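J.: My structure is below; once you've seen it, I'll send some questions.
The values are calculated or read from the model by the stated rules, or taken from the named source; none is laboratory data. Treat the numbers as computed from the prediction; the structure is a model and nothing was measured. Virtual Cβ from ideal backbone geometry, glycine too; neighbours counted across all protein chains shown. SASA here: full protein model, heavy atoms, side chains in, ligands and nucleic acids out. Shrake-Rupley method; radii C 1.70, N 1.55, O 1.52, S 1.80 Å.
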Amino acid sequence: MALELVDNNLNIDSIPWFARPKHVMLTGSYITPLKDGWENMDDWNEGMHRVQNYLNDKGLNRQVVLLPDSARTAAAAAEAIGCSVAQIAKSIIFRLPETGEALLVITSGINRVNEKTVAQTLGVTLGKADAEFVREKTGYAIGGVAPVAHKEQVRTLIDRDLLQYEEIWAAAGHPKSVFPLSPDELLAITESRVLEVK
C-alpha cells in the first residue's frame, strides 16, 4: 500500500524511530504507522481513542503508538519498542472480593507482583480477575489495559522500581498499542500510590 506523507514539509527526523515505516500518516497529535488495517485513526479501537483523548485532556504531549506486532507481554513490547523490559509498565488487575472493586498494580516488566505483600500492606484480599471482570471495570481487554481512562474508577498502585527510569511505556487500550511517559507523569495522571510490589 503506497501512501504519501500528509505534510510533505515534515522533517522525518522529528518522527520517532518506531513510527518510521515506509509510509507515515500524521493527523493532529497522532502518529500512526501505515499498515494494512491501521491506515488512519478511524481504524483505532474505542479504547485507543479514549487513551489519546485522556492524555490530550491532561495536557500531556504524548502519542499513542501502534506496534507492528502484539505487545501482550512485557518482553514482546520491549522488543518492538527497543527499550528494556524493565521500562514496560505492566498493568495487572486484581479483584477485591470484599467490595467487588478492581485494583490495578502497574509494575515494572521484570517484576512479579507479590500478592501477599500487597494484600498485607493494603489490608485487603486479592482475588483473580478474569477477562470479563477486567473489561467490565477498565473497558480494556487483557493485554491492552491502559493505566488511565477506565470505565470505572480503579484504585491504582505503582511499582517503586518504575521511578528510576526517565521514560517508561504503558499499554494504550489495545494489545498492539502503547504510549511513552515519565514516571512523574504516570503518578500525576493516575493519582496513585507508590509501593514495593515485588
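J.: Tell me the residue from T117, T107 that is part of a helix (DSSP H, G or I) and not aromatic (F, W, Y), please.
T.: After applying the criteria, what remains is T117.
J.: Please work out which residue is farthest from the chain's Cα centre (by Cα), limiting yourself to segment 80-104 and to residues that are part of a strand (DSSP E or B) and among the small types (G, A, S).
T.: A102
J.: For Y165, are the conditions met, namely being open to solvent by 40 Å² or more (accessible area, probe 1.4 Å) and either in contact with a helix residue (DSSP H, G or I) (Cβ under 7 Å, 6 or more places away or on another chain) or among the β-branched types (V, I, T) (or both)?
T.: Spelling it out, Y165 is indeed open to solvent by 40 Å² or more (accessible area, probe 1.4 Å) and either in contact with a helix residue (DSSP H, G or I) (Cβ under 7 Å, 6 or more places away or on another chain) or among the β-branched types (V, I, T) (or both).
J.: What are the pairs with Cβ atoms under 6 angstrom where one residue, in segment 62-80, is among the basic types (K, R) and the other, located anywhere, is in a strand (DSSP E or B)? Sequence gap at least six, or different chains.
T.: R62/F179; R62/L181
J.: From (1) open to solvent by 10 Å² or more (accessible area, probe 1.4 Å); (2) touching a residue at least 12 places away in the same chain (Cβ under 8 Å), pick out the condition that doesn't hold for Q153.
T.: (2)
J.: Looking at segment 130-138, is at least one residue over 26 Å from L66 (Cα atoms), free of Cβ contacts under 8 Å to residues at least 12 places away in the same chain and not small (G, A, S)? Break it down stepwise before answering.
T.: To start, the set of residues in segment 130-138 that are over 26 Å from L66 (Cα atoms) comprises none.
No - not one qualifying residue is present in segment 130-138.
J.: Please work out which residue is surrounded by the fewest Cβ atoms within 10 Å (Cβ to Cβ), limiting yourself to segment 63-114 and to residues that are of a type outside the set (A, V, I, L, M) and over 28 Å from Q153 (Cβ atoms).
T.: Filtering segment 63-114 for residues that are of a type outside the set (A, V, I, L, M) and over 28 Å from Q153 (Cβ atoms), the one surrounded by the fewest Cβ atoms within 10 Å (Cβ to Cβ) comes out as G82.
J.: Mind checking which pairs have a first residue in segment 158-173 that is within 10 Å of G109 (Cα to Cα) and part of a loop (DSSP other than H, G, I, E, B) and a second that is open to solvent by 10 Å² or more (accessible area, probe 1.4 Å) and of a type in the set (D, E), Cβ under 9 Å, 6 or more apart or different chains?
T.: As it stands, the answer is none, since no pair meets every condition given.
J.: Only one of these conditions is not met by I106: (1) in contact (Cβ under 8 Å) with a residue 60 or more places away in the chain; (2) out of contact with any Pro (no Cβ under 8 Å at 6 or more places or on another chain). Which number is it?
T.: All conditions pass for I106, except number (2).
J.: Pick from L55, L34, L60, L103: which is modelled with pLDDT of 90 or more and over 19 Å from I168 (Cβ atoms)?
T.: L103
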